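What follows is one structure encoded as structure tokens, with my remarks underneath.
The values are calculated or read from the model by the stated rules, or taken from the named source; none is laboratory data. If you're wondering where the values come from, they're calculated on a predicted model, not measured in any experiment. Glycine gets a Cβ as well: all are built from the backbone with ideal geometry, and neighbour counts include every protein chain shown.
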Amino acid sequence: MRLISERISIDETNNPKIVILGRTERWKESMLLFWVLAWSFSGSVFLYYFLADTPMHHSLAMLVMLSFWLYFELKILKVFLWRRVGFESINFALDELTIQNNIYQRGKINRYLIANIESFKLITITPTNFFAFMDNSFWVMGGQRIYFDYFGKTVVLGMQISDLEAKKLLSLLNGQLKRSKKESRTIRKNEL
């Protein structure tokens, strides 16, 4: 296993596997934990008032509040777990690239045929773009830095990595893509 940075490692055995950890600085994780606890406490207050003996229109308002609260509770809990134990996994197989966002070894696996991937490209971020700033904030899961086109869709990866990490990872991914395509062609020729 080779380290590209503190958060990115590559296992170059049979099928190369790149792992990008979701970790961030300790103080940021502590802030997320405080946020989860404070948000959970506020939800318990909403639930108390919902269950209390109140007029119907108050209960209805509390039900609406609880639905919004639950949505954001699940969002921030997912980000917190991503930061604590999550990672992004990029695997090269013979003819296939798989990308998975793991939290406790769970996550949807997205599969892409290598023959249909032209190259990986860097997403340029302008420092004055407000939405890019928000996407790279530690309280969201986002901020991907690398993309490729796949049948007219843009597929992104490399969540919240630095510029230097993005350039190293981009070079590594494009090199591995060329090797995988070459190996695939060689195996097909030998089969014929």
Take the residues in region 100-125 that are over 14 Å from Ile90 (Cα atoms) and polar (S, T, N, Q), then tell me which one is modelled with the lowest pLDDT. Thr124
Checked against (1) under 30 Å from Gly175 (Cα atoms); (2) of a type in the set (Lys, Arg); (3) not assigned by TED's automatic domain parsing to the domain that holds Phe151, Arg7 satisfies every condition except (3)
Yes or no: Arg26 of a type in the set (D, E, K, R), surrounded by 12 or more Cβ atoms within 10 Å (Cβ to Cβ) and on the phi < 0 side of the Ramachandran plot? no
Residue under question is Val79, and the condition is that it be touching a helix residue (DSSP H, G or I) at 6+ places or on another chain (Cβ under 8 Å), within 23 Å of Gly142 (Cβ to Cβ) and at pLDDT below 95; does it hold? yes
What number of residues within region 81-91 satisfy the criterion of being surrounded by fewer than 20 Cβ atoms within 10 Å (Cβ to Cβ) and over 10 Å from the mean Cα position of the chain (by Cα)? 4
Can you confirm whether Asp53 is over 21 Å from the mean Cα position of the chain (by Cα) and loosely packed, with under 15 Cβ neighbours inside 10 Å? yes
What residue, of Leu74, Leu66, is at pLDDT 90 or above and touching a Phe, Trp or Tyr at 6+ places or on another chain (Cβ under 8 Å)? Leu66
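Suppose we keep only residues that are of a type in the set (Ser, Thr, Tyr) and touching a residue at least 40 places away in the same chain (Cβ under 8 Å) within region 1-43. Which one would you say is nearest to Trp82 (Cα to Cα)? Don't jump to the end; show me each part of the working.
Kept after step one, since they are of a type in the set (Ser, Thr, Tyr), are these residues of region 1-43: 5, 9, 13, 24, 30, 40, 42.
Within this subset, residues satisfying the condition of being touching a residue at least 40 places away in the same chain (Cβ under 8 Å) are 5, 24.
Details: Ser5: 18, Thr24: 10 Å.
If we take residues in region 1-43 being of a type in the set (Ser, Thr, Tyr) and touching a residue at least 40 places away in the same chain (Cβ under 8 Å), then Thr24 is nearest to Trp82 (Cα to Cα).
Filter region 17-45 down to the residues that are within 17 Å of Asn102 (Cα to Cα), not in a strand (DSSP E or B) and not β-branched (Val, Ile, Thr) and list them by number. Give the derivation first.
Of region 17-45, the ones within 17 Å of Asn102 (Cα to Cα) are 17-24.
Then drop every residue that is not not in a strand (DSSP E or B), which leaves 22-24.
Within region 17-45, Gly22, Arg23 meet the criteria.
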Of all residues being loosely packed, with under 12 Cβ neighbours inside 10 Å and among the hydroxyl-bearing types (Ser, Thr, Tyr) in region 115-142, which is farthest from Arg23 (Cα to Cα)? Just the residue, please. Ser119
Output the qualifying pairs, or none if there are none: Cβ atoms under 7 angstrom, residues six or more apart or on different chains, first residue in region 91-110 and in the same structural domain as Val155 (by TED's automatic domain parsing) and among the hydroxyl-bearing types (Ser, Thr, Tyr), second residue surrounded by fewer than 17 Cβ atoms within 10 Å (Cβ to Cβ) and assigned to a loop (DSSP other than H, G, I, E, B). none
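Would you check if Tyr48 is assigned to a helix (DSSP H, G or I), among the hydroxyl-bearing types (Ser, Thr, Tyr), surrounded by fewer than 15 Cβ atoms within 10 Å (Cβ to Cβ) and at pLDDT 90 or above? So that I can check it myself, show each step before the final result.
Numbers: assigned to a helix (DSSP H, G or I): yes; among the hydroxyl-bearing types (Ser, Thr, Tyr): yes; surrounded by fewer than 15 Cβ atoms within 10 Å (Cβ to Cβ): yes; at pLDDT 90 or above: no.
Judged against the criteria, Tyr48 is not a match.
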Qualifying positions in region 143-192 - under 22 Å from Asn129 (Cα atoms) and among the β-branched types (Val, Ile, Thr): Ile146, Thr154, Val155, Val156, Ile161
